[in-house]
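The structure appears right after this line, and notes come after that.
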Amino acid sequence: MREDCHLTTQEVADKVGLSQTPCWSRIKRLEDTGVITGYVALLNPEKVGKPLSVIVEMTLEQHDDEKIENFSRHIATLTEVTDAYLTTGEYDYVIIAAVEDTEDYEVFLRKKLLKFPGIRHTRSTFCLRRLKRDPSPSL
């Protein structure tokens, strides 16, 4: 199911060697316990006009709980952001943004991301090619 969530319960049952009813019960239990958190369609960035991925590392001026929560909420509203992480180390946050091109990234950076008060420093890295995209961990 991790590789193809369109499989029917019967198809999953056949692959794992169970009958349909116990297989359905196991899938339901995985959903109920939060192991399976949802089902999504992965969009091809090139086909939807956002072929450029940019990794942005950011440091905030202040690190109190309120600033961190406010910035986290701000990041969640930015449609260009596909991934966002609160991190340890040199930078406080690492985000990945999907944009059309460098001009689109400049607009995103200047007019959306840096509009949040209290960002001390950013560093951007443009991705040349995606080598792997795996939306959930392997088992």
Revision key, fill the gap. Residue 79 fails exactly one of (1) touching a residue at least 60 places away in the same chain (Cβ under 8 Å); (2) under 15 Å from the mean Cα position of the chain (by Cα), namely (1)
Check your understanding: Of the numbered conditions (1) out of contact with any Gly (no Cβ under 9 Å at 6 or more places or on another chain); (2) surrounded by 15 or more Cβ atoms within 10 Å (Cβ to Cβ); (3) of a type outside the set (Asp, Glu), residue 39 satisfies every one except a single condition; which is it?
Key -> (2)
Review point. Quick one: how many residues across the range 110-121 are within 19 Å of the chain's Cα centre (by Cα) and either open to solvent by less than 70 Å² (accessible area, probe 1.4 Å) or among the β-branched types (Val, Ile, Thr) (or both)?
Key: 1
Check your understanding: List the pairs whose first member sits in the range 33-58 and is within 20 Å of residue 5 (Cβ to Cβ) and hydroxyl-bearing (Ser, Thr, Tyr), whose second member is modelled with pLDDT under 95 and exposed (fewer than 15 other Cβ atoms within 10 Å of the Cβ), and whose Cβ atoms are under 8 Å apart, counting only residues at least 6 apart or on separate chains?
Key -> 39/5
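Which members of the range 92-109 meet the condition of being of a type in the set (Val, Ile, Thr) and either closer than 23 Å to residue 68 by Cα or open to solvent by less than 50 Å² (accessible area, probe 1.4 Å) (or both)? Give the steps one after another, and end with the answer.
Here is the first cut: in the range 92-109, the ones of a type in the set (Val, Ile, Thr) are 94-96, 99, 102, 107.
Correct list: 94, 95, 96, 99.
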Check your understanding: Restricting the range 54-91 to residues that are more than 13 Å from residue 118 (Cβ to Cβ) and touching a Ser or Thr at 6+ places or on another chain (Cβ under 6 Å), which is surrounded by the most Cβ atoms within 10 Å (Cβ to Cβ)?
Key -> 56
Practice item. Could you tell me whether residue 15 is open to solvent by 40 Å² or more (accessible area, probe 1.4 Å), among the charged types (D, E, K, R) and in a loop (DSSP other than H, G, I, E, B)? Key: no
Practice item. State which residue is nearest to residue 1 (Cα to Cα) when the search covers only the range 20-31 and only residues that are open to solvent by 70 Å² or more (accessible area, probe 1.4 Å) and polar (S, T, N, Q). Key: 20
Check your understanding: Does residue 72 qualify as being touching a residue at least 24 places away in the same chain (Cβ under 8 Å) and within 29 Å of residue 35 (Cβ to Cβ)?
Key -> no
Exercise for review: Have a look at 128, 139 and point out the one that is of a type outside the set (Val, Ile, Thr) and modelled with pLDDT under 95.
Suggested key: 139
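The values are calculated or read from the model by the stated rules, or taken from the named source; none is laboratory data. Treat the numbers as computed from the prediction; the structure is a model and nothing was measured. Cβ atoms come from the backbone with ideal geometry, glycine included; neighbour counts cover every protein chain shown. All accessible areas refer to the heavy atoms of the entire protein, side chains included, with ligands and DNA or RNA removed. Shrake-Rupley method; radii C 1.70, N 1.55, O 1.52, S 1.80 Å.
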